[in-house]
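Presented below is the structure to which this report refers.
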Amino acid sequence: MATILVPTDFSENAANAVQYAASLAVQTSSRLLLVHTVSVPVSVMPEGIPLLSVNTQLMKASEEALGTLAHQLNQSFSLEVETLCLSGPLIPLLNEVIKTQTVDLVVMGTQGAGDLLTRLIGTNSTVFIKEASCPVLVVPAHAKFSPIRHIAYASDFETEETVYLKQLFQLASTLNSEVHIINITSEHELNIVSDRQVLKSIKKHFPHHQYSVAQMRYNDVVAGLKKFVQENQMDLLAVSIQDRDLLEYLFHHSITIELAIQAFVPLLTLPANPYYLQAQRSVSNKTVSAGADK
């Protein structure tokens with residue numbers, strides 16, 4: 001891993017995520033990039049032209065706060081820390097920074113207990129997780145860092161897993177972690193034939209990666225995942241962001257919001273279309289186009 005990005009609003013929960021990310025950066029010998037965004041008020045001129053107004057004093061204060069935080073982290077962790085203070089909407093800015101800075105992982109904090117995902121993580125973060133162009137690690141409010149050695153990957157054995165496992169195995173290799181693929185299914189949903197086909201596909205695409213596979217019958221998917229994570233001492237739970245809405249569907253149930261709310265371990269979300277694959281497709285398309293023109 002080369003770069004870990006942490007967006008911060010200087011809140012207590014963001015501070016916990018920063019500390020967690022700094023420890024993770026030490027474990028992976030990565031640089032840490034702190035990002036703060038300042039919203040830009042929009043007013044409309046009489047002619048109907050939108051007018052953006054950047055608060056220069058607020059920008060300066062934010063830059064100073066980032067600098068102070070970076071210095072503290074450098075002293076405490078002895079790692080490379082860089083800062084970016086930007087003005088504008090959070091989500092487009094973060095995705096742009098992910099691409100320009102070749103970010104490998106974004107670490108975000110939660111807002112503590114709550115009965116809605118927007119209370120737990122925050123509206124911006126909730127939307128960002130769905131639109132992020134790289135993996136996002138959501139850290140529970142009171143989580144303390146420990147080396148990530150065991151990662152549970154929740155699979156429904158119905159989704160094409162290649163793009164997600166490619167990201168996960170890359171991260172696991174950097175962390176020197178073991179991947180444990182876990183499928184929770186009810187007795188009525190168990191489908192041996194299709195499950196074997198999925199496992200065969202995984203083995204075909206990742207012949208050189210070490211992983212274990214477990215399948216549990218459990219009517220409550222969240223409870224089953226929690227049981228597996230706790231009994232097997234998993235350090236991280238990874239899930240895929242499918243084309244369906246993160247807040248509405250995961251597997252065959254609406255459980256992702258419950259997973260985030262319970263937040264029993266840090267939650268790693270893997271995007272369906274990471275930026276590096278977008279770049280690879282762009283290069284491939286250009287190559288094909290160039291060949292056709294000859």
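FYI, it's all coordinate maths here, none of it is from the lab. Quantities reported herein were computed from a predicted structural model and do not represent experimental measurements. Cβ placement follows ideal geometry from the backbone for every residue including glycine, while neighbour counts extend to all protein chains displayed.
For Glu82, the amide hydrogen comes within under 5 Å of the amide hydrogens of Leu32, Leu33, Leu34, counting only partners 5 or more places away or on other chains and with H modelled in the peptide plane.
The 3J(HN,Hα) values that the Karplus relation (6.51, -1.76, 1.60; θ = phi - 60°) gives for segment 140-151 are, in residue order, x, 4, 10, 6, 10, 6, 9, x, 7, 10, 10, 10 Hz. Gly and Pro appear as x.
Between the alpha-carbon centres of segment 213-239 and segment 1-41 there is a gap of 28 Å.
With a Förster radius of 22 Å applied to the beta-carbon distance between Lys130 and Lys99, the computed FRET efficiency rounds to 0.80.
Here is the link list: Lys203/Lys226; Lys130/Lys166; Lys144/Lys226; Lys99/Lys144; Lys166/Lys200. Which ones come out longer than 22 Å on Cα distance?
Lys203/Lys226; Lys99/Lys144
Between amide H atoms placed 1.01 Å from N, distances below 5 Å from Val38 occur with Leu86, Ser87, Gly88, all of them 5 or more places distant or on a separate chain.
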